[in-house]
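Below: the structure, in structure tokens.
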């Protein structure tokens, strides 16, 4: 049996979905950044007025306070509400993105299980100082069990090493959320052919 060929349709189908979710997260983050910048501007206006309560140069102070009351405050409330909604949307998209990448890791890991009965056989290329085979195995376990909040020692070592090797401290969040997307990025699986080449090197 050619495991890679038998799982091609499932694995290949995941790539456009992963890239779609990745791009949607980036788009939403762009909107989020704009809102946060505008809120910072509004905070500055509010801070200036609160620090200058006696400002009254030919009615400037009064006009500024009326502007703050009728323009700044409602915009601040609206943007704050929009910001909260955007954060929730980004969070949901990140969960979907991680789940899709976790599915891809699951397919790859199952190949190792079927062909080699475990993390055995060829080790594959290096990801930092660790071999591809071991990163896939540990990353699949992390993605499936992170919500238990107590990663096993091999998983902890793998992700601590990734954080150090790749200068990506987010890999230390292994007890908090699935890091399948971050691993997907670290593996540089920019297309199905990248994934297929790696998997065939292990099987």
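Given region 119-203, what helices (runs of 4 or more DSSP H) lie entirely inside it while holding 3 or more residues that are within 19 Å of the chain's Cα centre (by Cα)? Can you show your working first?
Numbers: elements: 132-145, 153-165, 180-186, 192-202.
So the answer is 132-145, 153-165, 180-186.
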_I'd like to check something: does region 101-115 contain any residue that is more than 21 Å from residue 8 (Cα to Cα), buried (at least 18 other Cβ atoms within 10 Å of the Cβ) and touching a helix residue (DSSP H, G or I) at 6+ places or on another chain (Cβ under 9 Å)?_
no
*Neighbours by Cβ (under 6 Å, 6+ apart or cross-chain): first from region 119-140, touching a residue at least 12 places away in the same chain (Cβ under 8 Å) and at positive phi; second in a helix (DSSP H, G or I) and crowded, with 19+ Cβ neighbours inside 10 Å*: 124/132; 124/133; 124/202
*Is one or more of the residues making up region 43-62 surrounded by 13 or more Cβ atoms within 10 Å (Cβ to Cβ), in a helix (DSSP H, G or I), out of contact with any helix residue (DSSP H, G or I) (no Cβ under 6 Å at 6 or more places or on another chain) and modelled with pLDDT under 85?*
yes
*Mind listing just one residue for me: the one in region 63-84 that is modelled with pLDDT of 85 or more and surrounded by fewer than 11 Cβ atoms within 10 Å (Cβ to Cβ) and, of those, farthest from the chain's Cα centre (by Cα)?*
81
*Close pairs from region 147-172: first on the phi < 0 side of the Ramachandran plot and loosely packed, with under 13 Cβ neighbours inside 10 Å, partner at pLDDT 95 or above and not in a helix (DSSP H, G or I), Cβ under 7 Å, at least 6 apart*: 150/175
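The values are calculated or read from the model by the stated rules, or taken from the named source; none is laboratory data. A quick note: this is a predicted structure, and the numbers were derived from the prediction, not measured. Note that we place each Cβ from the backbone using ideal geometry, even for glycine, and neighbour counts take in every protein chain shown.
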